[in-house]
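Okay, structure first, notes after.
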Amino acid sequence: MTWFQAAAKIRLLPDHSKQPPYPLSWDKQDVLFKELPPHLAEMALFAVNTGCRVNEICNLQWEWEVDVPTLKTKIFIIPGELVKNGDERVVVLNRIALSVVNSMRGKHPTHVFSFRGKPVARMLNSAWRKARVRADLPTVRVHDLKHTFGRRLRAAGVSFEDRQDLLGHRSGRITTHYSAAELSRLIEAANSVCDRGTGRPELVVLRRLNVG
């Protein structure tokens, strides 16, 4: 027979792409990050401190880095073709994200994040899946790190407008033309998620990765 008399019964895998956001608590973040291999833990630590999407992180390039000497820091400007809303995005670095970036210098000529001499193509790979199972967080997605950053900004009292800017959600205006005062405010807001709300610095992963 060249056809089926009845439809085949195929067991479908659960569609985790439609699951609700799952922001991580500090304790669950520690458990997950400890299970990740170092190169993914570095990327995850950057994600949870910048709110960048996985595509933005994997493609982050050194040529997009911009020095802000008046504030003694750096930012990244990601081209619009890699941003969901199509607008260029300014990535503001809090002190943890900046430490991660500085620890990556010299490892790859073009891309910030690499593994074994090559840019990391994806974060949600077999190593991530195995790590989240060991951490008893079997459905945590990389995108949940962005939700975690947003939730912590809100808990820290950061305004809705500043949260939108930090998460790269705003559109309809040129977001790359921030003044020094605006950038200073955004950096202060981003730094508000560094101390876990208790004054305890984010050292668990930093010490393990020798970052900072």
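Among the residues here, residue 107 does not qualify as farther than 16 Å from residue 45 by Cβ and charged (D, E, K, R).
Restricting to the stretch 141-151, name every residue that is open to solvent by less than 30 Å² (accessible area, probe 1.4 Å) and either touching a Ser or Thr at 6+ places or on another chain (Cβ under 8 Å) or not in a helix (DSSP H, G or I) (or both). 142, 149, listed by residue number. State all residues of the stretch 47-78 that are more than 16 Å from the chain's Cα centre (by Cα) and open to solvent by 50 Å² or more (accessible area, probe 1.4 Å); if no residue qualifies, say none. 63, 66, 67, 69, 70, 71, 72, 74, listed by residue number.
On inspection, residue 107 fails the criterion of being assigned to a loop (DSSP other than H, G, I, E, B) and more than 28 Å from residue 30 (Cβ to Cβ). The number of residues in the stretch 110-140 that are open to solvent by less than 50 Å² (accessible area, probe 1.4 Å), in a loop (DSSP other than H, G, I, E, B) and in contact with a Cys (Cβ under 9 Å, 6 or more places away or on another chain) comes to 3.
The values are calculated or read from the model by the stated rules, or taken from the named source; none is laboratory data. Since we're looking at a predicted model, the values are computed, not measured. Counting neighbours? That spans all protein chains shown, and the Cβs are built from the backbone with ideal geometry, glycine included. Protein only, heavy atoms only, side chains kept; ligands, DNA and RNA dropped before computing areas. Shrake-Rupley method; radii C 1.70, N 1.55, O 1.52, S 1.80 Å.
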